[in-house]
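What follows is one structure encoded as structure tokens, with my remarks underneath.
The values are calculated or read from the model by the stated rules, or taken from the named source; none is laboratory data. Because the structure is predicted, anything quoted here is derived from the model rather than measured. Virtual Cβ from ideal backbone geometry, glycine too; neighbours counted across all protein chains shown. Please note that ligands, DNA and RNA were not included when accessible areas were found on the heavy atoms of the full protein model with its side chains. Shrake-Rupley method; radii C 1.70, N 1.55, O 1.52, S 1.80 Å.
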Amino acid sequence: MPESAYEYLASHELLTIATASGAGVPHAAPVFYVSDGPVVMFSTSDGSQTGQNLAENPYASVAVADAPDEGQDWSHARGLQIWGPVTRLTGEDAAAAEAAFRHAYPHLQDEVMSSPFFRLEPDEVHYIHNDEPGDENFQALGVKWRRETVG
């Protein structure tokens, strides 16, 4: 049975988040995350460029991907692209995110847990899975890519 987009998302620990300042200057950074279906929760410092960008422009795009080993067939490549508005969590929502992080990452120290938590609610979700049919097919770098809009 093929792996669903949300199973794929839940099977990873790091994603790349892309934000932009209020002036539109882009920035990308890796972050730890937890997911609940298509919803992504992450933590970042207010003083980081990501945190500053989200304060000015609370919208982000995230990506998770796997490439085959060098020299391997790209027909098994997978990846997920999600974008949407980002909300800073407070109260019970922040406590629930912290509990999810503690469960997923018991090795992280308490200092990491002192950073604010955020939630990205997707406007759109695209799942690249080259070994399954998709609703969009395109070619780049000599590879046929298959992508499915799942949300």
Taking region 4-16 and the residues there that are more than 11 Å from VAL64 (Cβ to Cβ) and of a type outside the set (Phe, Trp, Tyr), the one that is least open to solvent (accessible area, probe 1.4 Å) would be SER4
Okay, strands (runs of 3 or more DSSP E) sitting entirely in region 17-91 with 3 or more residues that are surrounded by fewer than 21 Cβ atoms within 10 Å (Cβ to Cβ), I get 26-36, 59-66, 78-88
Those residues of region 41-61 that are touching a Gly at 6+ places or on another chain (Cβ under 9 Å) and closer than 14 Å to ILE82 by Cβ come to a total of 3
Those residues of region 29-48 which are in contact with a helix residue (DSSP H, G or I) (Cβ under 9 Å, 6 or more places away or on another chain) and aliphatic (A, V, I, L, M) amount to ALA29, VAL31, VAL34, VAL40, MET41
